[in-house]
Amino acid sequence: MSDPLSEIIALLRPRAPSSKLVDAAGPWRVRRTEVEQVYYCLLLAGQARLEIDGKTPLDLQTGDFVLLPATQGFSMSSVHPLPPPGLESRPLMREEGIVRLGVEEGPATEQLLIGYCSFGSPDAGLLVSLLPDMVVARGEQRLGDLAGLVRDEARAERPARDVVLEHLLQVLLIEALRSGAETGATPGLLRAMADKRLAGTLCAMHAEPGRLWSIADLAREAGLSRSAFFTRFSRIVGMPPMDYLQNWRMTLAKHMLRTRQNSIAEIAEKVGYGSTSAFSVAFSRRVGQPPAHYARTAGNAMQMPREV
């Protein structure tokens, strides 16, 4: 059966990683406001405090892994001692590419592996909206091993480096999201896939996006009444079921138009529309331009199969 999480991560196309080791001692704090980047942090030693704008501070222990699929304004700081208000530490680059924070001399009391990457998909904003805004996994050795592999590969100049990195990042993101499924993630696909009632329904929608689904059909997949299903799906996923299905269909349609492996009529059928005209109207309303125009301007030089 279709795996929604794997499909979404594959379509996101993670790329261009930046990874570094950080040693710290004494009071320290760093502030980040980058946008359109994925942030992850593995605490290798000590304790640290993560403060995301508008959220309760989170204290991290050795072995904890944090993933922010869409980077928000946040800071990382020491816990013992707490930094004074307003302190922002100046990172110092040391030998072998290790960054030092806080007190410049003496042994480090905290060590972190920090990484950033971006998503290559033009639909990244829509796809990321289906994921939780923060994932925390505690004591998962596999995540540490994967983060280390990403760091080593990013620093090397080996053949096929970019291909290897893209696949490693996909595995890292999937493993982090899978490990964090039981940690009270915010509404989104991750929480829904951990819900026994909704997981099968989501897999069915992804397996047959072209099927003429109704709320009654989806509710039967979940073994719930229509009203109970609608309420549960909306609460856990963060949007009504038909909105989710429509978003996924349009994401698939845009991907197929960019790759130009199908005609518009074929795409219309694959994403659940009975005619090319009905698909064109729905696509234009959602995307802001007709599918043929979108295909021409999507940056792919291949010729779109001609309609007959």
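Computed values, structure above
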item: Elements of type helices (runs of 4 or more DSSP H) contained in the stretch 83-181, each with 1 or more residues being more than 14 Å from the chain's Cα centre (by Cα) and either at pLDDT below 85 or not β-branched (V, I, T) (or both); result: 141-155, 161-179
item: Residue list for the stretch 190-206, restricted to those being touching a Pro at 6+ places or on another chain (Cβ under 6 Å) and modelled with pLDDT under 85; result: L190
item: Selected residue (criterion: nearest to L131 (Cα to Cα)) from residues of the stretch 54-95 that are charged (D, E, K, R) and in contact (Cβ under 8 Å) with a residue 12 or more places away in the chain; result: K55
item: Count of residues meeting criterion [assigned to a helix (DSSP H, G or I) and open to solvent by 60 Å² or more (accessible area, probe 1.4 Å)] in the stretch 275-290; result: 4
item: Output for the stretch 150-160, where each listed residue is over 18 Å from V38 (Cα atoms) and open to solvent by less than 60 Å² (accessible area, probe 1.4 Å); result: A156
item: Long-range neighbours under 8 Å by Cβ, at least six apart or interchain, first residue open to solvent by 60 Å² or more (accessible area, probe 1.4 Å) within the stretch 120-143, second among the basic types (K, R) and modelled with pLDDT of 85 or more; result: P122/K254; P122/R258
item: Failed item, numbered, when L112 is tested on (1) more than 18 Å from V38 (Cα to Cα); (2) touching a strand residue (DSSP E or B) at 6+ places or on another chain (Cβ under 6 Å); result: (1)
item: Filter pass, G97 being under 30 Å from M239 (Cα atoms) and surrounded by fewer than 16 Cβ atoms within 10 Å (Cβ to Cβ); result: no
item: Test: L68 is surrounded by fewer than 19 Cβ atoms within 10 Å (Cβ to Cβ), in contact with a strand residue (DSSP E or B) (Cβ under 9 Å, 6 or more places away or on another chain) and hydrophobic (A, V, I, L, M, F, W, C); result: no
item: Of the criteria (1) open to solvent by less than 30 Å² (accessible area, probe 1.4 Å); (2) in contact with a Cys (Cβ under 9 Å, 6 or more places away or on another chain), which one Q37 fails; result: (1)
item: Entirely in the stretch 2-71, the strands (runs of 3 or more DSSP E) that have 2 or more residues that are touching a Leu at 6+ places or on another chain (Cβ under 7 Å) and within 25 Å of D145 (Cβ to Cβ); result: 14-25, 38-45, 48-52, 58-60, 64-68
item: Residue under evaluation L202, criteria (1) in contact with an Asp or Glu (Cβ under 8 Å, 6 or more places away or on another chain); (2) open to solvent by less than 10 Å² (accessible area, probe 1.4 Å), criterion not met; result: (1)
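Yes/no per residue for (1) assigned to a helix (DSSP H, G or I); (2) within 22 Å of D123 (Cβ to Cβ); (3) out of contact with any Phe, Trp or Tyr (no Cβ under 6 Å at 6 or more places or on another chain):
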| site | (1), (2), (3) |
| --- | --- |
| H206 | yes, yes, yes |
| G210 | no, yes, yes |
| Q246 | yes, yes, yes |
| L252 | yes, yes, yes |
| L257 | yes, yes, no |
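Residue-by-condition table, conditions (1) closer than 17 Å to R286 by Cα; (2) touching a Gly at 6+ places or on another chain (Cβ under 8 Å); (3) in contact (Cβ under 8 Å) with a residue 12 or more places away in the chain; (4) open to solvent by 30 Å² or more (accessible area, probe 1.4 Å):
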{"residue": "I215", "(1), (2), (3), (4)": "no, no, yes, yes"}
{"residue": "A222", "(1), (2), (3), (4)": "no, yes, yes, no"}
{"residue": "S225", "(1), (2), (3), (4)": "no, no, no, yes"}
{"residue": "F230", "(1), (2), (3), (4)": "no, no, yes, yes"}
{"residue": "F233", "(1), (2), (3), (4)": "no, no, yes, no"}
{"residue": "I236", "(1), (2), (3), (4)": "no, no, yes, no"}
{"residue": "M242", "(1), (2), (3), (4)": "yes, no, yes, yes"}
{"residue": "L252", "(1), (2), (3), (4)": "yes, no, yes, yes"}
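The values are calculated or read from the model by the stated rules, or taken from the named source; none is laboratory data. A quick note: this is a predicted structure, and the numbers were derived from the prediction, not measured. Here Cβ is always computed from backbone atoms with ideal geometry, including for glycine, and neighbour counts include all displayed protein chains. Surface accessibility is based on the protein's heavy atoms, side chains included, excluding ligands, DNA and RNA. Shrake-Rupley method; radii C 1.70, N 1.55, O 1.52, S 1.80 Å.
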